[in-house]
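The values are calculated or read from the model by the stated rules, or taken from the named source; none is laboratory data. If you're wondering where the values come from, they're calculated on a predicted model, not measured in any experiment. Please note: Cβ atoms are built from the backbone with ideal geometry, for glycine as well, and neighbour counts cover all protein chains shown.
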Amino acid sequence: MSTPTEDPPIAIGEKVDLKDVTEAVAEAEAVTAAAGGDGTAPYVPEDSTGQQSAETVLVEAPNIKELIDEGFKEPGMLTRHRVVNEKIFPWRTIGKVIVGQGEKGLWSGSGVLVGKNLILTASHVAPWGKPDAWMRFIPAFNSGATPFGSSYIERYYGYRRDGDVFGLDYVICKLSTPLGASTGWMGSQSFGSDSDYYNGVWTSVGYPAEPANPEAKFMIVEENVKIIDIDDEGSEGKELETHVFSLGGWSGGPLWAFFGPNDPRVIGILSGRETDFLQPRHTVSAGGIAMVKLVKYGIANWS
């Protein structure tokens, strides 16, 4: 895992104060009015109005036969679709999040740009309560390559709960370098009706560390994702449940789709996997209007 060559800025975490978010949302309405509804607009750089679909190659675990013979619980995850045109928009807005403490790396996750200096990632990826901890975001990361540079995270703001997946598992993060000015960024979206979530066909992207992607070197995509169940998390969060596809490192990756030409928007952030009662194991992304409010908070206070 990469470690810094110079002292990185310490990432400072703040738990959500609902009053602050409400006030910030009101201030941000003028900025986000173009998005309409419960959402924020993407930014598409001038060089990014051509092809935007993913080009992929199939990769598999080097020891796939041995793992299957040994009874690997999720054999469908031993082959993956790796994105190979990660330097085009909007794929380049997605990146790897590396978390460390002092001179050592701790873990990694995924994240997505939602403003010129803002990313969304999972709350459990953030190093809550760890002194001298740091976070670094690398868009379009590919086997050590950093085509758009990288940025440390100055601070993050969101919902904290240790343990299981939950429907508010996200933080908005302020980057020290405005990487989105060159890469562009995705919009965000929530819906008033659950049917809009169920009716959509979504895409999830991340950097899982798993047999087919050792050390989380490459961007992995799961396409044609359908939401099969939704659990409310309070009045503003949602657990968006899909077929199971995620392993460690995918946390923080966006669940998203195009809402129109040049209009990619995030509807959820990958939280993890769970089993509910008699339901089969599934992957959960956290969504809802609380996610959009965090993006608007970041736009109003940090952009």
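Tabulated data
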item: Some residue of the range 205-214 being among the charged types (D, E, K, R), out of contact with any Phe, Trp or Tyr (no Cβ under 6 Å at 6 or more places or on another chain) and outside any loop (DSSP other than H, G, I, E, B); result: yes
item: Unmet requirement for R160, which otherwise passes all of (1) at pLDDT 95 or above; (2) touching a helix residue (DSSP H, G or I) at 6+ places or on another chain (Cβ under 7 Å); result: (1)
item: Residue that is hydrophobic (A, V, I, L, M, F, W, C) and within 17 Å of G253 (Cα to Cα), where the choices are A126, A133; result: A126
item: Pairs where the first residue, in the range 120-131, is touching a residue at least 12 places away in the same chain (Cβ under 8 Å) and the second is surrounded by fewer than 24 Cβ atoms within 10 Å (Cβ to Cβ) and not aromatic (F, W, Y), C-beta under 6 Å, 6+ apart; result: S123/R160; A126/G13; P127/V99; P127/A133; W128/G13; W128/R160; K130/Q101
item: Residue match in the range 174-190 (condition: of a type in the set (A, V, I, L, M), under 15 Å from V205 (Cα atoms) and assigned to a strand (DSSP E or B)); result: no
item: Selection count where residues are more than 22 Å from V99 (Cα to Cα) and touching a residue at least 12 places away in the same chain (Cβ under 8 Å), scope the range 222-262; result: 28
item: Strands (runs of 3 or more DSSP E) completely within the range 85-140 that count 2 or more residues being over 10 Å from the mean Cα position of the chain (by Cα); result: 94-101, 104-115, 133-139
item: Residue tally, condition part of a strand (DSSP E or B) and either among the basic types (K, R) or surrounded by 13 or more Cβ atoms within 10 Å (Cβ to Cβ) (or both), over the range 216-237; result: 12
